[in-house]
Amino acid sequence: MAVRRNLNTLTQAERDRFIRAVKQMKRVAGDDGYDHYVRTHDTAQTGVGDAASLNVNPAHGGPAFCPWHRYFIARFEQSLQAADRTASPGAAGTLTLPYWDWTNDDAGSPNRQRGGLWADDFLGGNGDPVTTGPFRAGEWVTLPQTGTPQGRDLARDFAATPGGDTLPRAVAVAYALRAEGFDVPPYGREPGGGLLGVSSPAAPTVVRTAGGRLAAGTYSVSVSYITAEGETRPSPSAAVTVAANDALRVSSPPARATVTGYVVYVSFAGGAPDSETRQSGTTAIGTDTTLTAVSGPALPRPNMNSTASFRALLEGWTAGPGMPTPGMHNRTHVWVGGSMQYGTSPNDPAFFLHHCNIDRLWALWQLTHPGQNYPIAVPLLGGAIGPRPHGLDDAMSPWLAAPERITPRDMLDHTRVTVRGRAAGYTYDTDPLGLAVNVAP
Ligand SMILES: [Cu+2]
């Protein structure tokens, strides 16, 4: 099976061959051509406008971020292999995408990545326009994005844009790889926003009242809105201390247009911040909840909310405690700057090495989190799985129709990816030996 490797391990001959194939691909017309991929990504980013996607970005800001880009770069790799057969006859078209592990940064000089990513014999260097390497002005024509001042030459502006002054640190990757939960509703891309959901309520007002059966102590209390799409992320917790045989009265969060009610989570304070247990059924907005006891059948509060799920950390809408946002994927786009900041970001071949690394991290997380593959335990509208068009069995635009109808389910196991009827599975040189992806979602 094909192995995708760290670009640091490529031989000079392999580096040359990769560049030759990319440049050959630029000359190809149709849906195996380089520019087809620039357009496809731009269309996803700027709004597909098709009914199947509900005018929602099918590739970003939700769980399909991972499978959409997995297919996108696997398909690109297949096109690249065809170009490789032309550009390097006899090489058998076995080229695979290398990945750029951007945490291998030289803190003193972040432009100097290991493996010579930005060297003249590989992707070339910094500049607007880029004037060195195979993709320099005059050698590489980018596709313009409507409404932007982007020129026809490739542009980079390393470390110059706020939010991208440094590359992601290894500690951010380690934090994300430890995250429990791939993604949870409302799949919002950033605090206060969401694909379909609403933001979390503020921490509730909780007061102690008499007439309960609580044990004396300090309790941690949070609330969560219930919407038609399911439960939204829980609020921050409020702490309240009670005497024996008190009760807790929890004030209702404010009304929201799409909210049908709320639930309350409670635990003894001092436990893990996300371990509170659901202690009430749905209560109508505007009605307070009184808890007389902490007992009985209990549902754990979603252990991760959308702003700290693996996907949100990887995509970079959030970061670990004390770490800068945007995080990993977004941060690297911003760090490179220039052409990499638009929907047309595949104009820069660095896009594919960057996304190869993103896909590697998803694979690594999947391999070490069996059984947490994709959100399905979500109460959803109409019984569909996941928020359209990011559901497990939703076709991901533009791959909506047979024979190229692609769903997140098709992309769960990177070793079994199929592209246009051909096996296109691969492994990474960092895949832990002996582990397989548990595709049962
Ligand atoms: Cu993208």
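The values are calculated or read from the model by the stated rules, or taken from the named source; none is laboratory data. Not measured: the values here are computed from a predicted model. Note that we place each Cβ from the backbone using ideal geometry, even for glycine, and neighbour counts take in every protein chain shown.
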Of all residues in the stretch 65-104, which are assigned to a loop (DSSP other than H, G, I, E, B), closer than 20 Å to Val38 by Cβ and within 16 Å of the ligand (Cβ to nearest atom)?
Leu97, Trp100
When Leu177 is run through (1) at pLDDT 85 or above; (2) farther than 29 Å from Pro389 by Cα; (3) not β-branched (Val, Ile, Thr), the failure sits at (2)
Name, by its number, the condition in (1) more than 22 Å from Val417 (Cβ to Cβ); (2) away from the ligand (no atom under 13 Å from the Cβ); (3) in a helix (DSSP H, G or I); (4) modelled with pLDDT under 85 that does not hold for Gln45.
(2)
Could you look through the stretch 342-376, keep only residues that are within 13 Å of the ligand (Cβ to nearest atom) and of a type in the set (Ser, Thr, Tyr), and pick out the one that is surrounded by the fewest Cβ atoms within 10 Å (Cβ to Cβ)?
Ser345
Among Val22, Val38, which is the only one that is modelled with pLDDT of 90 or more, among the β-branched types (Val, Ile, Thr) and closer than 30 Å to Thr318 by Cα?
Val38
Working only within the stretch 392-411, note down all residues that are touching a helix residue (DSSP H, G or I) at 6+ places or on another chain (Cβ under 9 Å) and of a type in the set (A, V, I, L, M, F, W, C).
Leu392, Ala395, Met396, Trp399, Leu400, Ile406, Met411
Restricting to the stretch 1-24, count the residues that are in a loop (DSSP other than H, G, I, E, B) and farther than 20 Å from Ala424 by Cβ.
2
